[in-house]
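Just so you know, all these numbers are worked out from the coordinates, no wet-lab data involved. Just so it is clear, the structure is predicted and the values come from calculations on it, not from any experiment. Virtual Cβ from ideal backbone geometry, glycine too; neighbours counted across all protein chains shown.
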Amino acid sequence: MGRRDMLRRACLGAVLAGAAVAMAAAAQSRCADYVPQPKPQNASRDIVGQDLDAILEQGFIEFAAFDDFAPWSFGEKGEIKGVDIEIGKLIAADLGVEPRFRLVEAGENLEADLRNWLWKGPVTGGKVANVMLHVPVNRDFTCRVEQVVFTGQAYRQQIAIAYSETAYPGEVPGTAYFRYDPVGVENDTIADFYLSSLAGGQLLDQIHRYPSTLDAVAAIGTGEVKAAMGPMAELEYARPAVVKVVSPPLPGFGAGRWTVGVGVHFAYRPLAYAVDDAISAALEDGRIQAIFAGYGLTWMEPER
């Protein structure tokens with residue numbers, strides 16, 4: 001399984017878990033079924049001295065960001081780039097320290113990512129970071145991972161459709177179109193599962209699966225598909241001039257949008273507060289919105 005596939009499974013698991021919990025919440029209060037988790041006991045020497053005062057004294061802060069995850073975080077010509085990387089730089093600047101980034105591989109699910117890169121460390125190689133970027137924030141999911149403070153909500157993402165204006169002149173295709181028209185998705189993602197289960201599987205013959213959302217959008221240009229479905233920012237980042245991106249109504253899709261923030265080790269709440277203050281200030285003065293605009297992306301207000 002490739003790194004992007006694993007990342008997709010991690011994010012998909014978080015979003016779907018949140019949706020499932022939300023449905024259960026109709027019958028009970030938030031986290032009513034919560035079972036306390038074991039607290040980490042001296043999990044790693046790497047976390048010693050990583051509180052806010054130590055970071056300010058050492059003069060740098062370390063961020064974990066997902067590898068090969070454009071437009072959020074990726075390497076290009078020896079440089080680490082992406083929207084999340086720019087947000088990390090804003091946080092470091094607000095604290096008055098140097099930002100240091102580590103591109104990491106995604107685990108099987110979000111809990112594994114948080115365990116590996118925030119509060120315990122991987123089984124072999126690598127160490128925890130001060131802040132993990134691009135963490136989906138769900139109010140109910142946060143009850144179940146006590147070792148992490150979920151904070152710094154910076155933007156919202158949602159599933160959207162990219163389509164060829166040539167294929168649909170004067171039209172905006174919805175999911176009903178894909179009973180007959182080929183549509184591209186990234187394999188094993190939330191868009192893939194949604195379309196595969198829609199209308200009792202009637203769309204299955206028209207679904208074309210690709211290694212990434214970027215590849216699915218590229219297939220529009222080659223004529224393999226007429227449209228692609230995936231997270232809006234990834235569609236926007238990949239689109240050529242002849243492709244439009246829209247977010248039409250998606251019937252029966254309760255998990256189609258989510259807020260994204262950051263994660264911090266639960267023991268370092270002053271650091272979590274400082275990080276959230278930095279992001280809040282950057283939202284108020286438009287710096288985060290400007291980052292999205294610089295990458296040609298639509299910024300959507302998060303739930304804070």
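A few notes on this one:
- Cross-link pairs beyond the 30 Å C-alpha cut-off, checked among 89/120; 89/226; 81/244: 89/226
- Evaluated with a Cβ-only charge set (Lys, Arg +1; Asp, Glu -1), the chain carries a dipole of roughly 400 debye about its Cα centre, given to the nearest 20.
- Calculated volume of the Cα convex hull per residue in Å³ (choose from (1) 128; (2) 142; (3) 155), label: (2)
- Within straight-line cross-link reach of residue 77, aspartates and glutamates at Cα separation under 16 Å, skipping those fewer than 8 residues along the same chain: 67, 68
- Efficiency of FRET between residue 76 and residue 105 - r from beta-carbon atoms, R0 22 angstrom, step 0.05: 0.80
- The stretch between residue 289 and residue 241, if pulled fully straight at 0.36 nm per residue, gains 15.1 nm over its current Cα-Cα span.
- In sequence order, calculated HN-Hα J values of region 187-194 (Karplus, 6.51, -1.76, 1.60; Hz; x Gly/Pro): 4, 6, 10, 5, 5, 4, 5, 5
- The HN-Hα couplings worked out from phi for region 241-256 by the Karplus form 6.51 cos²θ - 1.76 cosθ + 1.60 (θ = phi - 60°) are 5, 8, 10, 10, 10, 9, 10, x, x, 10, x, x, 10, x, 9, x Hz, whole numbers, x standing for Gly and Pro.
- Sorted peptide list for 261-274, 243-256, criterion being average Cβ within 10 angstrom, highest first: 261-274, 243-256
- Sequence of 280, 196, 212 once ranked by neighbouring C-beta atoms within 10 Å, starting from the fewest: 196, 280, 212
- Table column - 3J(HN,Hα) (Hz), region 57-69, Karplus curve with 6.51, -1.76, 1.60, x for Gly and Pro: 6, 7, x, 8, 10, 9, 10, 9, 9, 6, 7, 6, 9
- The simple Förster model, with R0 at 30 Å and r as the Cβ-Cβ distance, assigns residue 193 and residue 224 a FRET efficiency of 0.90.
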